[in-house]
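Engineer: Take this structure, written in C-alpha cells, and hold onto it; I'll ask about it next.
The values are calculated or read from the model by the stated rules, or taken from the named source; none is laboratory data. Being a predicted model, the structure only gives us computed values, none of them experimental. Every residue, glycine among them, receives a Cβ derived from its backbone with ideal geometry; neighbour counts consider all protein chains shown.
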Amino acid sequence: MQIKAIWTRISKRIAEAWKAGRIQRNSRITYDVIWNLFLFFLLIAGVGIFFAAGAGAGYFASLVKSEPVRSYDSMKEDIYNYEETSSIYFADDVFLGNIKTDLYREDVKLDDISPYVVNGIIATEDDNFETHDGVVPKSILRALMQEATNSETKTGGSTLTQQLVKNQILTNEVSFERKAKEIILAMRLEKAMNKDEILEAYMNIVPFGRNVSGNNIAGVQTAAQGIFGVNAKDLSLPQAAFLAGLPQSPTAYSPFTNSGELKEETALQPGLNRMKQVLNRMFDEGYIDQKEYDEAIGYDITQDFAEAKPASTDDYGYLTTEVEQRAADIIAIQLAEQDGHSEKDLNKDNDLKNEYLEKAERDIRQKGYQIHTTINKDMYVAQQKIAKDYAYYQPDHWVERTNSDGETETVSEPIEAGSIMIENSTGKILSFVGGRDYEKNQVNHATDTKRSNGSTMKPLLVYAPAMEEGTLQPGSVIPDVSKSFVIPGQSKSYSPGNYGGTYHGLVTARKALEQSYNVPATRAYADILNLDPASKYVEKMGITTLTEGDHHNLSAALGGIAYGTTVEEDVNAYATFGNNGEFTDAYMIDSITTKDGNEIYKHESKSNKVFSPQTNYLMLDMMRGVLDSGTATYANSQLSNKSVDWAGKTGTSQDYHDSWFVATNPNVTVGVWMGYDKQDSIQTSGMGYSQRNQLLWTQLVNSATKIDPDMMAPSESFKQPDGLTKASYCAIGGGKPTDLCKQAGMVKTDLFDKDHVPKKADDSLIKQNGKIVLNPDFVKANELQGVSIEQLFPNNEKVQKLIGKSASGSTAKKSDDKDDTVKTSSGAPLPPTNVQKADDKLTWSQSKTEDVKGYRILQKQGDSFKQIGFSDQSSFNLPDNDSTYQIKAVGKDDKESETITL
C-alpha cells in the first residue's frame, strides 16, 4: 500500500510539472547543451582530421618530390627487364662468359603456370588483387598503425603491384621515402599494365629461396624445376601451396641449404607450416573445396623434393666475383654522380653507398653490360692450375670452429695462398691467384685478405724514405746489436730481435736489407719517424689500411701494423720501384660498354711521383742483392730465365704467421703470400716456409714467362740515372776512409747519391798507445758501450785481432799475435772446413784464406748442380735435407775454392 501511495504522489507531481511546462523547458536546455557540445567536438575532430590529412599529405609529397614522373613505356621496360646478365671479357676482347649471378630465373607465360599456384599467391599475398588500383588503403593504414605502436605482429601492407615495383624499379631499402614512392608508382603501374600482365611479371620476378643446387632462385618456373623437378604448369595443389608460401620469407622457408642439401626436419617445419597456412587461405577464399583441402593438408610434400646435387664448378670463380664487385663500385659512383652525389659523399655515408651499390649490382644483372678486364686469359688459367696443384704447401692444421648447432668442433684447414701480377707503367692487373680452390674457399686472398706484410715493409717505409730524406745510403753502417728503443710519449720500450736471435755487428744498410736484419731497419726508421714516412710515402703508394697508431709505432718498420695489408696493395706499392719511383694505382676493369656498344667507362692511368730516380734506383740495386746473395737466392735459382733484372724482398710476420715474397723487374711486379686463414705458425719440417713461398712465386713467374716472354722477361735492365756514383767508405763508421780504416781492411765501395757521398773523414778508429782502437766518441754516439769487438765484427778475425781494447770494453789481440790466414799458390781460396748438413741447415767453419767474399751453395737438380744461395756467414738454410749439396769459398777476385760435396 505504501509503495502505491508513493507512486501516486510521484505521478501526480510529474503531471503537474508537465502541465506547467517545466519538463519541456529543462529537456530543451539539456538537449541544446548536449547538441552544442557534440557540434563543438565534431568541429574539433574535423579540424584535426583535416590538419592530420594535410600534414600527412604534405609529408607524403615531400617524400616523393624527387621521384620523376615515369612514362608508361619506361615503367614497362623496367618491369619486364627481368635480367639481362652482363658479360665479362679477358684482355684483348677474349670472351670469358656471363656473370654468374646469385639469382637464377627462367621466364614463363601466365598460361603456362598452374592455376593452383596463381590462386595461392593471390590468396596469401594480395586477396584484393582483382579489385584494387595498386594499393589497399586499409592495409597501408594497418601497417602504419603497427609501425607506430611497434607491434610485434607485422601483417604488411604491400600488394603484388607494390612488390613488383619494389623489386624492379626501386630498391629494398627500408624507409618511408621508398614506401611512399612505391605507393605512387604502384598506382601508376596499374594504369600502364592490366592485371594479367602484372600477375605474369610478378610470377617471374618474385624470389623463391634456394633450389636443389643451393642457388638463389626467382620466378615460379625456376622454383618448380629447382625444388620439385617439374614445370610450373604441372604443379600439384600441395606443391603449388608450398611454393606460394615461399615469397614471404624465401630463405627461412626454402627446403634447401646454400650448399644444396635438404634441411633437417626441424629446419623444414617452418616451410611446411607456411604451406598449411596457404591452403587455409585458399579454402577460405573459395579457391579449393573441402575435399581438395583435406587431401592437400594431409599430403607429405617432402617426398616430392628433388634429389640434392652439388652446384656446378666455376672455373673462374675468383675472377668473376672480383670483376662484378669492381664493376659495381664503378657504376655505383656513376649513378650517384647522376643524382648529385660525389664519391666522397658515398665514402662518408655507408647507407648511401650501399643504396647505390645495390642499384649498381641490379644494373649489372639486368642491363647486359660488357665488362672488359686487364686479365691475360692464358696467364690466369695457367696460374690457377699451378696454385691448385702445387706440391709444396705446408700441411693442413687443425682449428676449432662452431658448427650450425652451436657446438665446437675441430676441423682441418689448409694453408692458403694469394698472388698478383701488375704491369708497372700502367697498373694493369695481368693475373692473380685468389686461393687454392674457389669451391672450397671463396675468400680472395689476393685482394681481400689483410695480413702483416712483414719485412716487405722495410723498403716501403724505411730504406727508400730514409734515402729520399738523406739520412741513409746503401753503404751507411748501422749497428746490428741488441737495443731497446724508447719512444717519447709511449710507456713501453721496443726491443726488436733478428731471425734466430743472433746479431751481426756493424753492417751496411745494403747488407741489412739483403739478409733482412730487423734491428738495423728499426734504427733507420727511428731516425725518420718524426717525418711521418707512413703518410709521406707509404700511403702515397696505395697502402690504405694504416691506422693513426701505425704512423708512430716502430714495429711498423717490420710490418707490424694493426690491420695488415692486402697482397694487391703490397705488390702495387712495389710496382712504384719498377716504375722509376712513380706510383700508378692498379686496376682490373679496363672499360664498360652497354649492350649497344656505347662506352660508359674507360680507365685512365695516372702516375704520381713518390721517389726521385736516384733514390728509386738505389733501392732497386739494394733489392737485387736479396735475390743474388740474400734471403731470396732460392727464388733466383729456380727462375727459368736468369737474365731478367729482378729486385725484391722477402717477408715474415710475427710468430711466423705469414710468408711473403715480392719482386719487380722493368715491366712487371709479382708478389706471393702464404698463410692460414686462422693464423698459425707456418714453420714445418722439410722445405722451409720461405722456400715454399719462393718456389710458388717462381712457378707462377715461369709459367707467365712462357706465355708472354716479352712482358715477363725484358731484355733491358733497370737504367741507372744521372746523379749516382761509386765511392769508397769505411765499413766501421761509414765515413770517408782513413789510413786507420785501410789498415783494418775495412774500406768498401758502394753506389751513392752524389749529394750524399761521404765527405767527412771516418772517426770510428783512433790510435791509443800505439794501438788501433775504437774511438770512445764513436762508441758512445752509437750506444755500443759494453759491446765486444767479437760482437761488432763477427766472422772477421783480422779486425778482431787488429783493434785493441777500446772504450767499449772489448779487447784486442796482442800485437805479436800471428794472423793465421793463408793463400794458396794458385790464388784461389781454401775451402771451408767442418762442413755439416743437419736439420735442413748447412754449417761450416770459415776458410783460412783472407778476403773471402763468401760461400756459394749449390743443389743437385737433375744431372747438374745449380746455385741456390750465397752467404758470408757460417750457415745456410736449405730447402730440404734430402738433396745433395756443394759449397765452395769465393775470393775477392771471384776465384773459387775446391768444391765440398755432401
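Engineer: Within region 420-434, can you find the residues that are in a strand (DSSP E or B) and touching a Phe, Trp or Tyr at 6+ places or on another chain (Cβ under 6 Å)?
Structural biologist: Here is the first cut: in region 420-434, the residues in a strand (DSSP E or B) are 420-423, 428-433.
Those that are in a strand (DSSP E or B) and touching a Phe, Trp or Tyr at 6+ places or on another chain (Cβ under 6 Å): I420, S431.
Engineer: For the list (1) small (G, A, S); (2) modelled with pLDDT of 80 or more; (3) closer than 30 Å to V212 by Cβ, I need the number of the one condition that A192 fails.
Structural biologist: The one condition A192 does not meet is (3).
Engineer: Restricting attention to region 422-446, report how many residues are of a type in the set (S, T, Y), surrounded by fewer than 24 Cβ atoms within 10 Å (Cβ to Cβ) and under 22 Å from K388 (Cβ atoms).
Structural biologist: The qualifying residues number 1.
Engineer: So which residues in region 467-501 are surrounded by fewer than 24 Cβ atoms within 10 Å (Cβ to Cβ) and assigned to a helix (DSSP H, G or I), if there are any at all?
Structural biologist: Residues satisfying the conditions are Y499, G500, G501.
Engineer: Restricting to region 828-851, name every residue that is within 27 Å of S690 (Cα to Cα) and of a type in the set (A, V, I, L, M, F, W, C). Before the answer, list the steps.
Structural biologist: From region 828-851, those within 27 Å of S690 (Cα to Cα) are 832, 834-846; that's our starting set.
Across region 828-851, the qualifying residues are V835, A838, L842, W844.
Engineer: Is one or more of the residues making up region 134-156 at positive phi and at pLDDT 85 or above?
Structural biologist: no
Engineer: Here are some conditions: (1) part of a loop (DSSP other than H, G, I, E, B); (2) closer than 26 Å to D378 by Cβ; (3) among the aliphatic types (A, V, I, L, M). M687 meets all but one. Which one does it not meet?
Structural biologist: Evaluating M687 over (1) part of a loop (DSSP other than H, G, I, E, B); (2) closer than 26 Å to D378 by Cβ; (3) among the aliphatic types (A, V, I, L, M) leaves (2) as the failure.
Engineer: A follow-up question, please. Please work out which one of (1) assigned by TED's automatic domain parsing to the domain that holds M541; (2) over 18 Å from A556 (Cβ atoms); (3) aliphatic (A, V, I, L, M) is the condition V399 fails and give its number.
Structural biologist: Of everything listed in (1) assigned by TED's automatic domain parsing to the domain that holds M541; (2) over 18 Å from A556 (Cβ atoms); (3) aliphatic (A, V, I, L, M), V399 misses just condition (1).
Engineer: Answer yes if at least one residue in region 611-625 is more than 30 Å from Y676 (Cβ to Cβ), surrounded by fewer than 18 Cβ atoms within 10 Å (Cβ to Cβ) and either within 27 Å of the chain's Cα centre (by Cα) or among the small types (G, A, S) (or both), and no otherwise. Reasoning before the result, please.
Structural biologist: Just the residues of region 611-625 that are more than 30 Å from Y676 (Cβ to Cβ), to begin with: 611-622, 624-625.
Checking which are surrounded by fewer than 18 Cβ atoms within 10 Å (Cβ to Cβ) leaves us with 612-613, 621.
In the following step, the residues that additionally are either within 27 Å of the chain's Cα centre (by Cα) or among the small types (G, A, S) (or both) were identified as 612.
Within region 611-625, one or more residues are more than 30 Å from Y676 (Cβ to Cβ), surrounded by fewer than 18 Cβ atoms within 10 Å (Cβ to Cβ) and either within 27 Å of the chain's Cα centre (by Cα) or among the small types (G, A, S) (or both).
Engineer: Separate question: Taking the options V519, V443, name whichever one is within 30 Å of L724 (Cβ to Cβ), hydrophobic (A, V, I, L, M, F, W, C) and touching a strand residue (DSSP E or B) at 6+ places or on another chain (Cβ under 9 Å).
Structural biologist: Result: V519 is the single residue among V519, V443 that is within 30 Å of L724 (Cβ to Cβ), hydrophobic (A, V, I, L, M, F, W, C) and touching a strand residue (DSSP E or B) at 6+ places or on another chain (Cβ under 9 Å).
Engineer: Follow-up. Regarding I364, is this residue in contact with an Asp or Glu (Cβ under 8 Å, 6 or more places away or on another chain), not aromatic (F, W, Y) and not in a loop (DSSP other than H, G, I, E, B)?
Structural biologist: Yes: the conditions hold for I364.
Engineer: Turning to a different aspect of this structure: Filtering region 527-556 down to residues that are among the hydrophobic types (A, V, I, L, M, F, W, C) and out of contact with any strand residue (DSSP E or B) (no Cβ under 6 Å at 6 or more places or on another chain), which residue is nearest to N424 (Cα to Cα)?
Structural biologist: Ranking the qualifying residues of region 527-556, first place goes to V538.
Engineer: I'm trying to understand the selection: among the residues of region 331-345, which are in a helix (DSSP H, G or I) and farther than 19 Å from H603 by Cβ?
Structural biologist: First, the residues of region 331-345 that are in a helix (DSSP H, G or I): 331-338, 343-345.
Answer for region 331-345, where residues must be in a helix (DSSP H, G or I) and farther than 19 Å from H603 by Cβ: Q338, K344, D345.
Engineer: Quick one: in region 524-547, of everything that is without any contact (Cβ under 8 Å) to a residue 24 or more places away in the chain and assigned to a helix (DSSP H, G or I), which residue is farthest from V571 (Cα to Cα)? Before you say what the answer is, go through the steps one by one.
Structural biologist: Filtering region 524-547 down to residues without any contact (Cβ under 8 Å) to a residue 24 or more places away in the chain leaves 530, 532, 535, 539, 546-547.
Okay, now just the ones that are also assigned to a helix (DSSP H, G or I), so 530, 535, 539.
Working: N530: 26, S535: 18, E539: 13 Å.
The extreme case among them is N530.
Engineer: Can you pull out the residues in region 234-286 that are buried (at least 21 other Cβ atoms within 10 Å of the Cβ) and not in a helix (DSSP H, G or I)?
Structural biologist: L235, S254, P255, F256
Engineer: Same structure, new question: Residue pairs, Cβ under 8 Å, 6 or more apart or interchain, first in region 766-786 and not assigned by TED's automatic domain parsing to the domain that holds D739, second among the polar types (S, T, N, Q). List them.
Structural biologist: none
Engineer: Within region 710-763, take every residue that is of a type in the set (S, T, N, Q) and part of a loop (DSSP other than H, G, I, E, B) and give me the one that is surrounded by the most Cβ atoms within 10 Å (Cβ to Cβ).
Structural biologist: Ranking the candidates gives T738 first.
Engineer: Which condition does D339 not pass, out of (1) surrounded by 18 or more Cβ atoms within 10 Å (Cβ to Cβ); (2) farther than 30 Å from S431 by Cα, if it passes all the others?
Structural biologist: (1)
Engineer: Identify, please: which residue in region 162-189 is assigned to a helix (DSSP H, G or I) and among the acidic types (D, E) and is, among those, modelled with the highest pLDDT?
Structural biologist: Across region 162-189, the extreme among qualifying residues is E182.
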